[in-house]
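Down below is the structure, laid out as structure tokens.
The values are calculated or read from the model by the stated rules, or taken from the named source; none is laboratory data. All figures in this text were calculated on a predicted structure; none of them were measured in a lab. For neighbour counting, all protein chains shown are included, and Cβ atoms are generated from backbone atoms with ideal geometry for every residue, glycine included. When the accessible area is computed, the model is the full protein with side chains, heavy atoms only, and any ligands, DNA or RNA have been set aside. Shrake-Rupley method; radii C 1.70, N 1.55, O 1.52, S 1.80 Å.
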Amino acid sequence: MMHSLTLNGVKINFPFPPYDCQKDYMSKVVECLQKKENGVLESPTGTGKTLCLLCATLAWRDNFKDTISARKIAEKLGGEEMFTNTPLASWGTAATDGETPTTYYTDVPKIIYASRTHSQLAQVINELKSTAYRPKVCVLGSREQLCINPEVMRQESNHAKVHMCRGKVSNRSCVFYNNVEEKSTDKDLVNTILDVEDLVKFGSKQRVCPYYLSRSLKQQADVIFMPYNYLLDPKSRRAHNIELKGAVVIFDEAHNVEKTCEESTSFDLSPYDVASAITAVDRLLSEQAKEAGRGDSVSEDFNVESLNSGLKMEITTIAKIKQILLDLEAAIDSYDVPDKGITKPGIFIYELLERAHLTYSSKTAVYEALEQISGYLAGQQGIFLNITGLQKLSDIIQLVFLGEPTEKDKQLMMQANTAHFKVHIHQDKSYHNKKQSTDVWAAASASSKKQGNILSYWCFSPGYSMQDLVNQGVRCIILTSGTLSPLSSFTSEMRISFPVSLENSHVIERDQIFVSVIDRGPDGVHLSSAFDRRFVPENMTSLGNTVANLSRVVPHGLLVFFPSFSLMEKNLEFWRANGHADRIENVKPMFVEPKGKGTFNEVIDGYYNKVNDSASKGGTFFAVCRGKASEGLDFADTYGRGVIITGLPFPPRMDPRVILKMQFLDEMSRKKVPGITYLSGQQWYKQQAYRAVNQAIGRVIRHKEDYGAIFLCDQRFKSADARAQLPSWVRPYVRHYDGFGNIVRDVSQFFRVAQKMRPFVPKNAPGESRRNECLPVTLPSGSTSCSTSYSSSQSSPAQKAKALDAHLPSLKRRRLNEAIGGGRGMAKICIEYESEVQESQRRPANLLDALERGDHCNGEGDNALVGEERANRLSTLSLRHDKRMEDELRGGKRKIKLVQEQKTSEEPSQESKASRAKNFLAEMKKSLSQVNFERIVQALQVYKKTDNLDVLLTETTVLTEYANTHSLLRGLYQFVRPHHKKRFDEKCLELTGQGCGYKPDHSLDKDVKKALMVQSATDRLAAVSQSLSTTSQLSTQQLNKGGAHLSHQGLREAPTGSAPKAEVHAAFLNDVKKALGAEKSPQLFQAIHSYKKTDSYENLVTTVVSLLTERDEDFNLLVRFGMFIRPHHKTQYKEMLDALIGQTAPDASVPVVSQDQQRCASSSPPLKAQSKISSFFSSSQRK
């Protein structure tokens, strides 16, 4: 059932209730169409962009037709109203359509919908079929895709196919073409929405030419689909007879439009092209000379086709064409070209071509002669001649000699035509490696010549093609894609105005995306793909370790994008030689994007199958930015749970075309043309890299219920400028971590939460009950459709909530308060998880947090506990058969009680500090004006985020102006972080004459203070352990001469194969000291000490994972650490281990001990010593 909504006076039928971002998008589309204004609209992948675009455009078009009907009725009625309650004026404002009234249905604008490839157009047409709209459509394609004549399709080159097809059409010898006129009115054809594949099937079944059928359908079509090079290339536009006047032009996937605009108006003429053209004309001259010598005798195989395919051209004309080609070759090769080539202004192309007698006055005659020769040679049977060079010269004449200027205006037109071009002549360095054609004569001719020069004529402004479209009289141009940001730099390149713009938000919630900048690998080495770092062994090692470790924690499919093929190949080769590839392969089998198109489908299918295999842990797909995998493929759901960007894919800096593009932009920027803003060369260079990154990032989140992680593994992503280049929907979630362990901890937690909240259920899975809610779902093809979502008793919202509560105890109170207060449900449950854990890891939570928390901390006492118990009862009822979950919840209850009890003894100082901060802010608010108060609060918030004391000092100078506010400045001392306190105190003394009472210990971080306090306890523990170890050597069995009756363990045997707990603890702590060193090991001991007091599992795990996942060899310590975890947290710890290690971890409660430890433990330690070590841990830990 369709959902109707009205936007800007246009009624739109949509397959389901649209999200807010979809309404915003459709509103902007309608605005472009109604106001005849160009628009640039960015909407992230997964927001249903294509569906919105189609529905809004077709709804507006229907509305446009309705207004014409209203006008016609109004004319018939002579001003009277047909319906008293609905005046004709309310039928829509488009009836007048500006100044000129529209009164004919033929004036209704056609919609020209262009995308990059036919496969993308097929997805768009599939979307159209899911809407309520049924316009007449046509899809344009090439003969390569649409021709079904076997003889034509056997031709090797596209040019040969074109000319043979034209020959057969002109003499009506193609049976498929001859049926076009009859079949083009077929109702099944006209009233059905067909893509290229459907059209070919129809043509094959009805024996009618799909190519000419599509051209016939174009005349009556409401919507014309085509690849956008058909639209941007003037030659293709003329060939397909595309009428643009008054049309609405839509470029979908427009992030590639810039490149296509430039390439469609550029060319490279190689020595081989010219040589093959000369050879082809030479052969024709020889053949014509023989014919002239034989006279007009009729050949034995005379037929209609040969009669009509004869070359009606004088031999002198052919000779002139050959001379033009020879002169052109000589002109190009006359330059002694250095390695970097020779660059000339664009207008130089006319001077060069004039030396080959190609001018505005001769262009028509030469072009027609080239076309005749190409057509004749393509139609010859049994002669294999390469006519590519001839065809390329024809295209060059069309491109360079635009327009028909008078002699007076010729110079001005030539300047206008070439203002955005450069001529570049360079050596043909690929000459010896160039793949030769099957034309053996051309090959022999070319190989006999010296190495020549390439003539390049390059366009450096996509605005050249865009301006050409505007000049054709289009109604409006809409550019849309998922990755156009930053929009300002994108539109400035187009040289046409875009009054309507949109940078849309995403439909996902914050708990569905994890974005991290990883500037260092697990070994602490900086990661960078910069030219001077990319192939350094330490860098490749660190990147290999990073990918290997992340492959452990990202479930299912993982995508890894490199800046280029060469960089990917070098890294993979290094990883194979040094064991990194084996580590990745053992967890997730590796699949690598091939350079050629031939095997790509096989590789991607292998990856999909591996991810779908329930027996595997997924797969890793290695690809390159700007490659096939980064552009059009859909990695929804399990196919892409994580994407790793291994560097910034800048264009090759030494490429002549890149150098000249940057020079061109710098030249245009210096000219400062009024009304036009150009990017600088450096800005463009950066933009290209980030747009490729953004396109690769977009592979992950593909629809509303999808989730995934993005890892930016290059230290350059740390800068604010780099983050500003990322898509607007990604920017708010980007986080930078100090240690790699913190990333592993948080991303594993992210996926555990996401998997419980949004369990992936394969479509059409058995045993599921339907829900009556219609949701948009992106299909694997990339299309969005209205799909009925499913739920079962095992994935109900209640169970999701309960699973999450059990998993993250700190979320319980918030979750339960929301449940009682009618909160918005599951979408916000991860708010606590998302509260920037890395900030608390870099520096302890301090008084600055009061600025953001405000009063949100209130109400978490008894009321929260009541809600806790109430929700637990409800959850237990819904999941009474899940004993494991009930155990976890019981553990959660005990945890809450411990925390509440602990508050009374451990946290008064924190509460008093927070209270003092609140009182201070309240006092400051009374003392200052609203403007100054807000200014200082804003400065404190900025300081909290940036850690920049200078900004805080600058913004608080207002407090130094009057003596009565000096105390307020000193009061800010409580918000200053330890490492800034000394400097702030000195500044206060300087400005107000009084300091803040600074003491040296104020500069110590909270963690450092605790570490110092706990160090002595650690040393005592180590001493006890050593004492214990010594005592165990003098066992009771030795004292009793082997008699068991005096042993402390006489009535109770120790479990076979296990060492006494105290000794295992001591051995573990010694191993930790060796692995982490004297600097880091106190952090772990402090965490254990804190866990004993507070029972805070999350704080413990945060520290432990951070310290013990930086190196693979420390994972064993992480498993052994399970001995310190209390029973009610063991299930959670086990789940975390499984996620981190990528396999079912050993039972964390059974410590791993060596044979030496077992031998040492063969005798039982004294009970007194054991009680000492055990007293360090809570009794609840013992089993």
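In what sequence, largest accessible area first, do Thr317, Thr57 appear using a 1.4 Å probe?
On the way: Thr317 50, Thr57 5 Å².
Solvent-accessible surface, decreasing: Thr317, Thr57.
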Within the accessible area of region 311-393 (1.4 Å probe), percent carbon and sulfur:
54 percent
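Rank Ile645, Ile73 by accessible area, highest first, at a 1.4 Å probe radius?
Details: Ile645 0, Ile73 45 Å².
Solvent-accessible surface, decreasing: Ile73, Ile645.
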Put a dot 7 Å past each Cα toward the Cβ at Ile73 and Lys410; how far apart are the dots in nm?
6.0 nm
Normalised per residue, the volume of the convex hull around the Cα set of region 921-988 (Å³)
78 Å³
Just order 319-328, 691-700 by mean Cβ neighbour count inside 10 Å, highest at the front, would you?
691-700, 319-328
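With charges set only on the Cβ (+1 for Lys and Arg, -1 for Asp and Glu), what does the dipole of region 910-1010 come to about its Cα centre, in debye to the nearest 20? Each step should come with its number before you reach the end.
Values: 18 positive and 13 negative charges, 78 e Å.
Result for region 910-1010 is approximately 380 debye, rounded to the nearest 20.
Counting pairs of Cα atoms in region 122-170, how many percent are more than 16 Å apart?
Numbers: 607 of 1176 pairs.
More than 16 Å apart: 52 percent of the Cα pairs in region 122-170.
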In nm, to one decimal, how far is the modelled label at Asp582 from the one at Met313, with both set 7 Å along Cα→Cβ?
6.6 nm
Quickly work out the Ala720-to-Asp532 label distance, labels modelled 7 Å from Cα along the C-beta direction, and quote it in nm with one decimal.
2.6 nm
Given the pairs Lys235/Lys410; Lys28/Lys245; Lys913/Lys1073; Lys11/Lys136, which are separated by over 26 angstrom at their Cα positions?
Lys913/Lys1073
Please compute the length gained on full extension between Thr185 and Ser119, using 0.36 nm multiplied by the number of residues separating them and subtracting their Cα-Cα distance.
21.1 nm
Identify, among Pro652, Val624, Val592, the residue whose Cα sits farthest towards the positive end of the charge dipole of region 589-672, taking +1 on the Cβ of Lys and Arg and -1 on the Cβ of Asp and Glu, with the dipole about the Cα centre.
Pro652
Would you mind calculating the gained length between Glu243 and His1002 on full extension (0.36 nm times residue separation, minus the Cα-Cα distance), in nm to one decimal?
265.7 nm
Along the Cα-to-C-beta direction of Asp950, a point sits 7 Å from the Cα; which residues of region 692-721 have their amide N less than 20 Å from that point?
718-721
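What number results when the radius of gyration of region 145-236, computed over Cα atoms, is divided by 2.2 N^0.38 Å?
Numbers: Rg = 13.4 Å, N = 92, 2.2 N^0.38 = 12.3 Å.
Ratio of Cα Rg to 2.2 N^0.38 Å: 1.09.
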Among Ser614, Ser501, Ser481, what's the order by accessible area (1.4 angstrom probe), most exposed first?
Ser614, Ser501, Ser481
Inter-centroid distance (Cα atoms) of region 364-378 relative to region 911-947, Å:
81 Å
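Work out the FRET efficiency for Gln219 and Lys429 from their Cβ-Cβ distance, taking R0 = 56 Å, and round it to the nearest 0.05. Can you show the working numbers first?
Working: r = 48 Å, r/R0 = 0.86.
E between Gln219 and Lys429, to the nearest 0.05, is 0.70.
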Looking at region 642-737, what % of the alpha carbon pairs are farther apart than 24 Å?
35 percent
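Per residue, how many Å² of accessible area does region 940-998 show with a 1.4 Å probe? Please report the intermediate quantities before stating the final value.
Details: 2860 Å² over 59 residues.
Accessible area per residue, region 940-998: 49 Å².
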Looking at this model, which pairs from Lys686/Lys718; Lys322/Lys429; Lys76/Lys218; Lys161/Lys392; Lys259/Lys686; Lys1080/Lys1130 are more than 21 angstrom apart at the alpha-carbon?
Lys322/Lys429; Lys76/Lys218; Lys1080/Lys1130
Residue-level accessible surface for Tyr19, protein heavy atoms, 1.4 Å, Å²
40 Å²
